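The values are calculated or read from the model by the stated rules, or taken from the named source; none is laboratory data. In this text the structure is predicted, and so the values were computed from the model without any measurement. Here the Cβ positions follow ideal geometry from the backbone for every residue, glycine too, while neighbour counts run over all protein chains shown. Side chains included, ligands, DNA and RNA excluded: accessible areas come from the protein's heavy atoms. Shrake-Rupley method; radii C 1.70, N 1.55, O 1.52, S 1.80 Å.
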Amino acid sequence: MRNLVWVLALVFCIGCGNSPSKEDAKWRLIYKNSANGTTLYGSKQDLMNAIRNGSPVKIGFGGQLRKDTTLTIEHIFEAHFFTILNDTDVYAQMLPIIGQNPLIEKDTTNIVFRETHWNILVGTNGFSDRLTMSLTKDSVLGHNQRHMNVSWFVRQEDFGEQDAIPLWKK
């Protein structure tokens, strides 16, 4: 009997150790907007609920090269700062990264660092604002605003959270 108790305890401990953690959870598309802010997928309210409930959010966007549309690029980052304006649109900002220069060719691809910091702010209304700063001169090199499609992701287990009260309500 004593051996059976030890075996059951060991099986229980192993089972607990192998359970998926929140960090291992799969990410799922919760919302996608077009460049002009039209909803292409999901619910903006679900996205706002996830943010208000403290869920981490990943952002994805990409495009094709104008001169050769078979050459594509995608960027995905974890958002670190959110703004919800008028309970209507969400804006997300990434932490600055060292700039990259993707070298995309038909037969080969490569990527190299630039001597810049790069940051982007994206919104569910399609608006984006990119800021590029010099690493060596600590000065702004570029400020580029444009409209683009954006995909918004939350962890699978955070999807479908209950409605959240806006943070400005008392």
Name every residue in the range 128-146 that is over 24 Å from the mean Cα position of the chain (by Cα) and in a strand (DSSP E or B), in order of residue number. Ser134, Val140, Leu141
For the range 132-151, give me each residue that is surrounded by fewer than 17 Cβ atoms within 10 Å (Cβ to Cβ) and touching a His at 6+ places or on another chain (Cβ under 7 Å). Leu135
So which residues in the range 87-99 are in contact with a Ser or Thr (Cβ under 9 Å, 6 or more places away or on another chain), open to solvent by 40 Å² or more (accessible area, probe 1.4 Å) and assigned to a strand (DSSP E or B)? Gln93, Ile98
Condition check for Ala35: at pLDDT 95 or above, in contact with a strand residue (DSSP E or B) (Cβ under 6 Å, 6 or more places away or on another chain) and open to solvent by 30 Å² or more (accessible area, probe 1.4 Å): yes
Report every pair of residues separated by at least 6 positions or lying on different chains whose Cβ atoms are under 9 Å apart, first residue within the range 113-131 and farther than 17 Å from Ile76 by Cα, second among the charged types (D, E, K, R) and assigned to a strand (DSSP E or B). Asn125/Asp89
If you take the residues in the range 40-79 that are of a type in the set (Gly, Ala, Ser), in contact (Cβ under 8 Å) with a residue 40 or more places away in the chain and farther than 23 Å from Arg130 by Cβ, which one is most open to solvent (accessible area, probe 1.4 Å)? Gly42
Positions within the range 78-127 being over 29 Å from Val154 (Cβ atoms), of a type in the set (Ser, Thr, Tyr) and within 22 Å of the chain's Cα centre (by Cα), in sequence order: Thr116
Could you check the range 8-32 and list, in sequence order, the residues that are open to solvent by 40 Å² or more (accessible area, probe 1.4 Å), modelled with pLDDT of 95 or more and either under 15 Å from Tyr91 (Cα atoms) or part of a loop (DSSP other than H, G, I, E, B) (or both)? Lys32
If you take the residues of the range 119-165 that are out of contact with any strand residue (DSSP E or B) (no Cβ under 8 Å at 6 or more places or on another chain) and among the hydrophobic types (A, V, I, L, M, F, W, C), which of them is modelled with the lowest pLDDT? Ile165
